[in-house]
Amino acid sequence: MPDIFISEESKKEDLKPEPHLSEKSKSKVQKEKFPGSTHNPLSAFCYYPGNINFETKESKEKVVLLLRQHPITNVKWILIAFLMILAPIVLGAFPILSFLPPDFQFIAVLIWYLVTTAFVIQSFLTWFFNVYIVTDERIVDIDFYSLIYKEVSDANIDKIQDVTYKMGGVVRTLFNYGDVLIQTASEVPNFDFLAVPKPDQVAKILQDLRIEEEQEKLEGRIR
Amino acid sequence: MTTIPLLGISVWLIAKIFVLLGLVIYFVFALVVVRQVQLMTDTLEVGFEFPIRALSWAHLVFAAGVFLIALVIL
């Protein structure tokens, strides 16, 4: 027989969400394994890295994802550096610097290697410090444009409006990397995670975090 | 030795001054790199700070070394 009268109290109980549901789903997400994800500091795809800390990180904030450009993007500058290292040895066979006295020739070679070192350091640091961080609260884009210019921008997860990922081309398909384009309603309207590994999984993680954040909002558990 | 006719100064002496000047500027650049690496490792800590700082310091020492060698042998 159907109930004719249901008290307000029991109605409220029915509507009450499961208190630890989001925590459960969070741990479930954490337990998911992404192949190729390591905690190596030089890795381009770190899922739940334990030892990451950045300038504006809050004490309770948890880093979910640390991304860099795919290591394959480094091949170009490594090849150039390799050629630069070999150049004085190969060109030694030709009398290019013969118009200079021997002392100047020696210094010229040293200066060449100095420039090569600067090129290697600059290229490596640009790759290493150009990171995209996704925490349980926001996304952070740390851009290291050159040795003398950097930019750090962030947006809350709940400000994300649209996530698009792009993968195209032979190399990108072969090595499974692409761009994740994030549109936000924050001061910085676009966050472009360029040439990151597994863009589909990044988009999925962002989607999970957005759902999580919406759930937290509904439950009134916003930090 | 090649000299400039009117001034009677060696061309290589002028070249040496320019090389040393360039290396001083390069040394300042290497200092900026060290400072920037310090700032960046403070901005982002991933457990790889020591090798990167060591790399920037090695670059600075290399720049200073080349300057000193140029000063002595040119």
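Between A:Lys62 and A:Asp136, A:Glu137, the built amide H atoms are under 5 Å apart, and every one of these is 5 or more places off in sequence or on another chain.
Taking the Cβ of A:Asp179 as the centre, find all other residues whose Cβ is under 10 Å away and add up their charges (Lys, Arg: +1; Asp, Glu: -1).
Details: positive: A:Lys166, A:Arg172; negative: A:Asp192.
Summing Lys/Arg as +1 and Asp/Glu as -1 gives +1.
Going from the residue with the fewest nearby Cβ atoms within 10 Å to the one with the most, A:Glu58, A:Glu219, A:Glu212, A:Glu137 rank A:Glu58, A:Glu219, A:Glu212, A:Glu137.
With 23 Å as the limit on Cα-Cα distance, the pairs of A:Lys76/B:Lys16; A:Lys60/A:Lys217; A:Lys57/A:Lys217; A:Lys166/A:Lys217; A:Lys62/A:Lys204 that go past it are A:Lys76/B:Lys16; A:Lys166/A:Lys217. Relative to the dominant Cα principal axis of chain B, helix B:11-43 is inclined by about 10°.
When ranked by the protection proxy of mean other Cβ atoms within 10 Å per residue, highest first, what sequence do the peptides A:80-89, B:33-42, A:178-187 form?
A:178-187, B:33-42, A:80-89
For the stretch A:75-125, evaluate the Debye formula with one uniform point scatterer on each Cα (no solvent term) and list log10 I(q)/I(0) at q = 0.16, 0.20, 0.27, 0.32 Å⁻¹, rounded to two decimals. Normalising to I(0) and taking log10 leaves -0.50, -0.71, -1.02, -1.21.
Cβ neighbours within 10 Å, averaged per peptide: list B:16-22, A:205-211 in order, most packed at the top.
Result, highest mean Cβ count within 10 Å first: A:205-211, B:16-22.
Among B:His59, A:His70, A:His39, rank each residue by its count of other Cβ atoms within 10 Å, from fewest to most, as a rough exposure measure.
Numbers: B:His59 20, A:His70 23, A:His39 15.
Ordered by Cβ neighbours within 10 Å, fewest first: A:His39, B:His59, A:His70.
Throughout, read-outs are computed from the coordinates displayed, never taken from laboratory work. This one's a predicted model, so the numbers in the text were calculated from it and none came from an experiment. Reconstructed Cβ throughout: ideal geometry from the backbone, glycine too, with neighbour counts over all protein chains shown.
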